[in-house]
1. Do the conditions hold for residue 210, that is, is it crowded, with 18+ Cβ neighbours inside 10 Å and not polar (S, T, N, Q)?
2. Specify the residue that is surrounded by the fewest Cβ atoms within 10 Å (Cβ to Cβ); the eligible residues are those in the stretch 1-47 that are in a helix (DSSP H, G or I) and out of contact with any Lys or Arg (no Cβ under 8 Å at 6 or more places or on another chain).
3. Taking only the stretch 74-84 into account, find how many residues are surrounded by fewer than 13 Cβ atoms within 10 Å (Cβ to Cβ) and not aliphatic (A, V, I, L, M).
4. Please go through the stretch 51-69 and pick out each residue that is under 16 Å from the mean Cα position of the chain (by Cα) and buried (at least 18 other Cβ atoms within 10 Å of the Cβ).
5. Restricting to the stretch 123-157, give me the number of residues that are of a type outside the set (A, V, I, L, M, F, W, C) and either closer than 28 Å to residue 78 by Cα or under 22 Å from the mean Cα position of the chain (by Cα) (or both).
6. Does at least one position in the stretch 201-208 carry a residue that is under 17 Å from residue 51 (Cα atoms) and touching a residue at least 60 places away in the same chain (Cβ under 8 Å)?
7. Yes or no: the stretch 110-119 includes at least one residue that is under 25 Å from residue 178 (Cα atoms), within 16 Å of the chain's Cα centre (by Cα) and part of a helix (DSSP H, G or I).
8. Counting only residues that are among the hydrophobic types (A, V, I, L, M, F, W, C) and more than 23 Å from residue 203 (Cα to Cα), which one in the stretch 131-174 is surrounded by the fewest Cβ atoms within 10 Å (Cβ to Cβ)?
Amino acid sequence: MLELKNVGKSYDEPGGTKLPILDIPHFRVETGEQLVLVGRSGCGKTTLLHTIAGISRADRGEIWLDKINLASLSEAGVDKVRAAKIGYVFQTFNLLPGFTAYENVLLGMTFAQGRKDPPRARHLLKRVGLEHRSTHKPSALSVGEQQRVAVARALANKPSLLLADEPTANIDPRNQQMIIDLIRETCREENISLLIVTHSPEVARQFDRVVKLEEVNLANREALST
């Protein structure tokens, strides 16, 4: 379903040298599988998610999603596949402040399908317990409510893969479990593969598969050995 082969990514440092961030010989996520990615701060977890989603392009390697090599596509081609097949829950929500919760979810559908599906938007907002807040803009929602809208928007296009970057980091402890349960249950119901990044041991221990980035990323091993 998702497979990375020899994926490398580095950043330019001020002196002109390259700082390796990702060097992943192989990494795979099966259809419908749910797994957690953990690792020390700054080890490249978010960079990996961005690279998979095509927000940041890999320097080399292959990134296969549903038999499509994203690394071989143009920028426009990657954007099209991402909109159709990938949902992304950002740590900072990235909701549009001028739009209501309902409109934010509808907008996610427009990017993917070019058309809106109001019944699904209403279903997703009900699924996250916000049908009564659907006409509220982000500034009128609590932090936890904004994250729930972000989850609904990420699921709007019925993606093959959901990427979630620290989805409980900005949520109060009361709502953290609800967010994780919501994401996992919806992915299970719709057979969506889930890759979630978290620093929370409480979240990680709920998953059958927990991957330490250092175990699959050779750049991390080199950094840790110096």
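1. Details: crowded, with 18+ Cβ neighbours inside 10 Å: no; not polar (S, T, N, Q): yes.
No, not satisfied.
2. At the first step, the residues of the stretch 1-47 found to be in a helix (DSSP H, G or I) are 45-47.
Narrowing further to those that are out of contact with any Lys or Arg (no Cβ under 8 Å at 6 or more places or on another chain): 45-46.
Numbers: 45: 21, 46: 18.
Going through the qualifying residues, I end up with 46.
3. Kept after step one, since they are surrounded by fewer than 13 Cβ atoms within 10 Å (Cβ to Cβ), are these residues of the stretch 74-84: 74-76.
After this cut, where a residue has to be not aliphatic (A, V, I, L, M) as well, the list is 74-75.
Adding up the residues that qualify gives 2.
4. Hits for the stretch 51-69 are 51, 52, 53, 54, 63, 65.
5. 13
6. First pass over the stretch 201-208, keeping only residues under 17 Å from residue 51 (Cα atoms): none.
Checking the stretch 201-208: not a single residue is under 17 Å from residue 51 (Cα atoms) and touching a residue at least 60 places away in the same chain (Cβ under 8 Å).
7. Initially, the stretch 110-119 is screened for residues under 25 Å from residue 178 (Cα atoms), giving 118-119.
Of the ones still in play, those that are also within 16 Å of the chain's Cα centre (by Cα) are none.
No, there is no match, as no residue in the stretch 110-119 is under 25 Å from residue 178 (Cα atoms), within 16 Å of the chain's Cα centre (by Cα) and part of a helix (DSSP H, G or I).
8. So the first thing to find is which residues in the stretch 131-174 are among the hydrophobic types (A, V, I, L, M, F, W, C), and the list is 140-141, 143, 149-152, 154-156, 161-164, 169, 171.
Restricting the remaining residues to those that are more than 23 Å from residue 203 (Cα to Cα) gives 140-141, 156.
Numbers: 140: 12, 141: 19, 156: 24.
Looking at residues that are among the hydrophobic types (A, V, I, L, M, F, W, C) and more than 23 Å from residue 203 (Cα to Cα), I get 140.
The values are calculated or read from the model by the stated rules, or taken from the named source; none is laboratory data. The structure displayed is predicted, hence computed values, not measured ones. Here the Cβ is made from the backbone with ideal geometry for all residues, glycine too, and neighbour counts use every protein chain on show.
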